[in-house]
Amino acid sequence: MRTASFYPPFRVLMGPGPTEVHPRVLAALARPLVSHFDPTGFRLLDEIRALLQYVFQTRNEVTFVVSGPGTAGMEACVANLVEPGDKVVVCQNGFFSGRIREMVERHGGVAVVVEEEWGRAVDPEKLEDALRRHPDAKVVAFVHAETSTGVLSDAATLAEIARRHGCLTLVDTVTSLGGVPVKVDEWGLDVVYSGSQKCLSAPPGLSPVTFSERALDAVRRRKMPVVSFFLDIQALADYWLGKPPAAGANAARVYHHTVPIPLLYAIHEALTLLREEGLENAWARHRANHSRLRDGLEAMGLTYWVRSEADRIPHLNTIRVPDGVDDAWVRRRLLEDFGIEIGAGLGPLAGRIWRVGLMGYGSHPRNVAYFLSALREVLAR
Ligand SMILES: Cc1ncc(COP(=O)(O)O)c(C=O)c1O
């Protein structure tokens, strides 16, 4: 077999993730490797934790990245919080909330589903009602920004209801973190996970997580050890924070697994860029570019899958495929003729919507203008 270096084509990544990566983040990937037990590597871990506390708006000590994509973060949260027989109310309004439900059941939990149409935000009334009917529920789980439909739910209100009923919250912020406000402490969220490849604009493969003290108490009170060795949050914390009582600058870090150092350089740089810009400015930029795109699409006669503007994820636009238009052909032309990648619909929305991301570094007026003109040309054909 003849082998050669692999050079990927240049793509404008405007799908549901991964998103474009800033040149500073790409350059960070090429920095010299140190080991996961190098003292300078420990500084890297501490700085990533502090940057994530800023991005999650939390003082939670147990805030770090799981070595694995968003799905690993999801499973870390479920595996640590859910024991066999635990009742978990899962608000299901799309593909990813369905995946949480499946994980809960695989970990022996009993899922009580609060069902919502694919394209609508989770209804707080329905959650309240389910919790009245299930006073023994331990956890409420929901997806803040449902990437499969483009819907943003009201995380603050859902968390308030959950807490009033004595439940912990398990929240997916894979697509929301960095693009819209996520206020872990102010909203009282308990276990929260995200992904590196959406609005944080780092390469895929890392999942930021944060656990509140209340959640850690519940983990400590488990009757059975966490089934997953790899995703045991306390064992991971013994590496990321150091094992008590030595925690602090010279904490005794306990080996758990060999963390992917170059990816950590990359997320450190991406989070530093976000810190430099300021979270509020990043949220405003995502909203402004959403408005630009929406105005352009509506001028072309295209419509959104999510009816209410208030329920839309600003940076993940779900557009109805117009009648008589071949969804796959349009996406292929955009990719092959213009180098633009957009997303297809998932599950029941396959062939019915396009998913257009304007996330992180890719949330830029240049991308809006380029995409609109390419789409106009393709549709005219
Ligand atoms: C809301 C949501 N949750 C979880 C995931 C899973 O993340 P990953 O593909 O990084 O495992 C995704 C991925 O798109 C997502 O959008």
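The values are calculated or read from the model by the stated rules, or taken from the named source; none is laboratory data. Given the structure is predicted, the values throughout are model-derived calculations rather than measurements. Note that we place each Cβ from the backbone using ideal geometry, even for glycine, and neighbour counts take in every protein chain shown.
Take the residues of region 291-330 that are without any contact (Cβ under 8 Å) to a residue 40 or more places away in the chain and charged (D, E, K, R): which is nearest to G351 (Cα to Cα)?
Ranking the qualifying residues of region 291-330, first place goes to D327.
Restricting attention to region 320-335, report how many residues are exposed (fewer than 15 other Cβ atoms within 10 Å of the Cβ) and part of a helix (DSSP H, G or I).
3
Need at least 3 residues that are surrounded by 23 or more Cβ atoms within 10 Å (Cβ to Cβ), touching a residue at least 24 places away in the same chain (Cβ under 8 Å) and not aromatic (F, W, Y) per element, so show me which strands (runs of 3 or more DSSP E) inside region 55-134 make the cut, counting only ones lying wholly within it.
In region 55-134, the matching strands (runs of 3 or more DSSP E) lie at 62-67, 87-92.
For the structure I just gave you, tell me whether A111 is away from the ligand (no atom under 16 Å from the Cβ) and either modelled with pLDDT under 95 or out of contact with any Cys (no Cβ under 9 Å at 6 or more places or on another chain) (or both).
Yes.
Run down N60, N93, N80 and say which single residue is within 24 Å of L127 (Cα to Cα), more than 16 Å from the ligand (Cβ to nearest atom), in contact with a strand residue (DSSP E or B) (Cβ under 9 Å, 6 or more places away or on another chain) and polar (S, T, N, Q).
Testing whether each residue is within 24 Å of L127 (Cα to Cα), more than 16 Å from the ligand (Cβ to nearest atom), in contact with a strand residue (DSSP E or B) (Cβ under 9 Å, 6 or more places away or on another chain) and polar (S, T, N, Q) leaves just N80.
Only one residue in L200, L236, L231, L216 is in a loop (DSSP other than H, G, I, E, B), modelled with pLDDT of 95 or more and over 24 Å from R24 (Cα atoms). Which one?
Of the residues listed, the single one that is in a loop (DSSP other than H, G, I, E, B), modelled with pLDDT of 95 or more and over 24 Å from R24 (Cα atoms) is L231.
Regarding T258, is this residue in the same structural domain as D38 (by TED's automatic domain parsing) and within 16 Å of the ligand (Cβ to nearest atom)?
Judged against the criteria, T258 is not a match.
Report, ordered by the first and then the second residue, all pairs with beta carbons closer than 9 Å, sequence separation of six or more or different chains, a first member in region 347-366 that is in a helix (DSSP H, G or I) and loosely packed, with under 15 Cβ neighbours inside 10 Å, and a second member that is among the small types (G, A, S) and at pLDDT 95 or above.
What qualifies is G347/G94; G347/G98; G347/S148; P365/A288.
Quick one: H165 ticks every box in (1) of a type outside the set (A, V, I, L, M, F, W, C); (2) within 21 Å of A79 (Cα to Cα); (3) surrounded by fewer than 23 Cβ atoms within 10 Å (Cβ to Cβ) except a single one, so which number is it?
Failing condition for H165: (2).
State whether the residues of region 243-253 include one that is in contact with a helix residue (DSSP H, G or I) (Cβ under 6 Å, 6 or more places away or on another chain) and within 30 Å of S148 (Cα to Cα).
no
Would a scan of region 155-163 turn up a residue that is away from the ligand (no atom under 13 Å from the Cβ), touching a Pro at 6+ places or on another chain (Cβ under 7 Å) and not hydroxyl-bearing (S, T, Y)?
Yes, the conditions are met somewhere in region 155-163.
Could you grab me the full set of residues in region 174-202 that are of a type in the set (S, T, Y) and more than 10 Å from the ligand (Cβ to nearest atom)?
S201
Given the criterion crowded, with 24+ Cβ neighbours inside 10 Å, within 19 Å of R101 (Cβ to Cβ), more than 14 Å from the ligand (Cβ to nearest atom) and at pLDDT 95 or above, identify the matching residue among V143, V171, V151, V139.
V139
Quick check: anything in region 37-51 of a type in the set (G, A, S), more than 16 Å from the ligand (Cβ to nearest atom) and either outside the structural domain of S176 (by TED's automatic domain parsing) or in contact (Cβ under 8 Å) with a residue 24 or more places away in the chain (or both)?
Yes.
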